[in-house]
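Here is the structure we will look at.
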Amino acid sequence: LQSENSDKSSAESDSETEVEQISVYHKLLATLKSSPESESEEDVSDSEEAGESETEMGSEGSQGTGEADGSEEANNDVQEHKEATDTPEQMLGQEQADDADASCEQSHGVIEEFTDVKHESEFSLETNFMEEENGECNADKTDSNSSQAFSKDPFKQHMDREFKEKEVEKMSTLPKTSNQSKWPRLGQLSFSSTLEKPKILKAEREIDMKQLYLHKPLESTWPKVNKQFMSSMNKQSDLSFTPLQKELFCIMNAYWDLFYPERNALTNGEEIRLAYCLHALNHVLKANAQVLSNNAKRRDQKPGTDNDDYRDQGLTRPKVLMIVPFRDCALRIVHIFISLLEVNGKKKIDVSNKKRFKGEFGSDPEEKPPNLKRPEDYEAVFTGNIDDHFRIGVAILQKSMRLYAPFYSSDIIIASPLGMRTIIGAEGEKKRDFDFLSSIEILIIDQADIYLMQNWEHVLHLMKHMNLLPLDSHGVDFSRVRMLNLNNWSRYYRQTLLFSALQDPQINSIFNKHCFNYVGQVAVRNVPLSGSISQIVVQLPHVFRRLEAESVTSVIDTRFQFFVDKVLPEYRDAIMSHTLIYVPSYFDYVRLRNYFKKEDLNFTHICEYTKKAAVCRARRFFLKGEKQFLLFTERFHFYKRYTIKGIRNLIFYELPTYSHFYSEICNMMKATDNGVDATWTCTVLYSKYDAQKLAAVVGVERAAQMLQSKKNVHLFVTGEN
């Protein structure tokens, strides 16, 4: 149906094409005249530079650098973080590079990047053609010339769909229509679209590999690469996907935007990574094959022939942007790409700069500190090289892969939010670049929850610079550029895949406000039934105290006033010693710390910037009762996961971002020596705007009751059930 509409609309607009193209060209060329160099503002914001110069936890922690006294803690030795979090990483190859990552240790603002200019002509899309001698490529070329295959291929259906200007205006102004569906593995799904007649997507019981229209090499390599996740039941049914992968890929391959908030580093993280790597690589191989095939047709055509049939590119070459939190994630993605491109395990693909890549993105297993015990989920997240400042371009051409390709010669860019932030820059900076984001067709944001612990502003900054018209032409052949790119409609064709371990308003906002895919959006909306409170193993009374706030913006001040006026007075008595105050937001932490100092309260504090010696001192004072209060940030717990001994009273200033942190902090009480169970207390502050966090802690039914009632709720957990 989509292809018929596409054919019809293109036929109707043939007569107007030439006029439209001329006007579009003029518009585009007008924007190219204002290059970044023409903006001659000399001043660079000191605050921006300060935010970018943070490293490791400090880099993510630039959220709260404006407060006095916070700067002391911000000047930490970064190596402490690395020592506490580095774990062995299993290298998939034997090559090692000595001292290759020396350049990565420089400060973020002046990092000297390596880019591979040696293989530029070899990987150029403009000057290469489909390999004639390769049987597989010939078969693929033949398939691609079949109009029937074209009409059914999801890639072609999505990229070749044409819209009129009025239709695009409707998409940007009309409200989305939504409907619900329940799938066997994903559960409750919410579909939304601005199209008048959106295509209904249903869960397929069985998948025929041919119906997926995978590029030729992937049909044979995928089952072997994915073999590690297939259970004995799946092997018997001759399927190549796990139940989760099958439903996820069904959505991805139909080019819907997807938000999946149940990614778990321990259970399904690698399973999901493989699925989105398959989709990204499939997209790139098809797009490049189309360009190479058209190169050959243009070469063979007669001089003076109209070239308008060969619009197969964007304004810049990068098609896929993959945002991941750590270098180890990028390493795993590249290894998956290599595995998927190696047919039968015999035909090794040529990977340039592989040795350097493994040196810079791999890790030394001996770096792990001895006798370091951390929870399983921590070990799964912080594995391998956990540097969070990187970006790398990957070019793929037939049987070769080029790592460290310049961005404008790359097909895929793999980067961290901080890596993107430092190249995008800020307004007024001389050296900044974001043109390479202009024609991104697939945006993958994996482990989005970790960016909440780093710096969410970097993610928002990236989203604001996606799919903008470039400031320079970068040598593009405008006769090959798709009309959707020339019309500045790229955002309506971009697919966004968002994976997270939790539901969060900030992550939801990205999906709702920055995703414009004309096909529509799919969000997994399962509700937690039990909540993490069921994982608590100590007998403990929980008091949930509701505060009333008029709006989301006022809740921060309301919470502080509520705590100071109603909660803190109850704990000022010396009998309520050993009180830990858990604070998720660094801003709230600074505010409380300053208030405690002003009131001359007997307290100590630990945050993500606190030096190792100060942390040890604070823990000792708190354990011995020399300090009555301990202010404790969520991000410190996220990055360190120390067990704090001596807790007798707990105050959750706000519900934790990760629900399992609630039970973890409560269970620290069992490490308290000579404690009397009856004297232990736990107080939680919440408002109606904390609905998702509350449901994750106490379960959805109890959360609904608590939000309807305006009274404080008392719960008693009796220990192991």
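Descriptive notes on the structure:
- For LEU258, the amide hydrogen comes within under 5 Å of the amide hydrogens of THR496, LEU497, LEU498, VAL522, counting only partners 5 or more places away or on other chains and with H modelled in the peptide plane.
- Here r is the Cβ-Cβ distance between LYS197 and GLU701 and R0 is 30 Å; the resulting FRET efficiency, rounded to 0.05, is 0.20.
- Each label point was placed 7 Å from the Cα along the Cα-to-Cβ direction; for ARG525 and PHE114 their separation is 4.9 nm.
- Computed over region 391-524, Cα set: Rg, Dmax in Å: 15.5, 45
- Under 5 Å from the amide H of THR604 lie the amide H atoms of PHE629, LEU630, LEU631, each residue being 5 or more positions distant or on a separate chain, with H modelled from the backbone and absent for Pro and chain starts.
- Calculated from backbone phi, Karplus (6.51, -1.76, 1.60) coupling profile of region 285-302 in Hz, x at Gly/Pro: 4, 5, 5, 5, 4, 5, 5, 5, 5, 5, 4, 5, 5, 5, 5, 8, 7, 6
- Ligands, DNA and RNA aside, LYS688 has an accessible area near 100 Å² when probed at 1.4 Å.
- ILE575 versus GLU626: modelled label distance in nm, points set 7 Å from Cα along the beta carbon direction: 2.7
- Karplus-based coupling profile of region 213-218, in residue order and whole Hz: 6, 6, 5, 3, x, 6, with θ = phi - 60° in 6.51 cos²θ - 1.76 cosθ + 1.60 and x standing for Gly or Pro.
- Cβ-Cβ FRET estimate between ALA426 and HIS714, R0 fixed at 51 Å, reported to 0.05: 0.55
- Applying 0.36 nm per residue to the separation of SER124 and GLN506 and subtracting their alpha-carbon distance, the gain on full extension is 133.6 nm.
- Within the accessible surface of region 532-718, defined with a 1.4 Å probe on protein heavy atoms only, the carbon and sulfur portion equals 50 percent.
- Ranked by how many other beta carbons lie within 10 Å on average, peptides 407-419, 176-188, 618-630 from highest: 407-419, 618-630, 176-188
- For region 268-347, accessible area per residue (1.4 Å probe, heavy atoms of protein chains only), Å²: 29
- Spin-label zone in region 532-566 - amide nitrogen under 14 Å from a point set 7 Å from the Cα of LYS688 along the C-beta vector: 546-555
- Phi angles of region 583-597 translate, via the Karplus equation with coefficients 6.51, -1.76, 1.60 and θ = phi - 60°, into HN-Hα couplings of 10, x, 8, 5, 4, 5, 4, 5, 5, 5, 4, 5, 5, 4, 5 Hz per residue; Gly and Pro are given as x.
- Sorting the segments 252-258, 204-210 by their residues' average number of neighbouring beta-carbon atoms within 10 angstrom, most packed first, yields 252-258, 204-210.
- Summarising the label geometry, the points placed 7 Å from Cα in the beta-carbon direction at GLU550 and LEU468 lie 3.6 nm from one another.
- Extension reserve of the ARG299-GLN211 stretch, reckoned as 0.36 nm per residue once the Cα distance is removed: 28.5 nm
- In region 532-718, the alpha-carbon atoms span a convex hull of 113 Å³ per residue.
- FRET efficiency for the VAL537 to ASP308 pair, using the beta carbon distance and R₀ = 60 Å, is estimated at 0.30.
- Rounded Å value of the spacing that divides the Cα centres of region 174-218 and region 549-618: 47
- Normalised by 2.2 N^0.38 Å, with N the number of residues, the alpha-carbon radius of gyration of region 249-349 equals 1.40.
- Near the amide H of VAL684, within less than 5 Å, lie the amide hydrogens of VAL543, PHE544, ARG545, PHE652, all on another chain or at least 5 residues away, with H placed in the peptide plane.
- Exceedance of the 30 Å cut-off in Cα-Cα distance is limited, within the set LYS197/LYS319; LYS354/LYS464; LYS246/LYS348; LYS176/LYS711; LYS513/LYS688; LYS164/LYS286, to LYS354/LYS464; LYS176/LYS711.
- Highest average packing first - 514-523, 551-560, Cβ atoms within 10 Å: 514-523, 551-560
The values are calculated or read from the model by the stated rules, or taken from the named source; none is laboratory data. Note that this is a predicted model, so its numbers are computed, not measured. Using ideal geometry, Cβ is built from the backbone for each residue, glycine included, and neighbour counts are taken over all protein chains shown. Just so you know, the surface numbers come from the protein's heavy atoms only, side chains and all, with ligands and any DNA or RNA stripped out. Shrake-Rupley method; radii C 1.70, N 1.55, O 1.52, S 1.80 Å.
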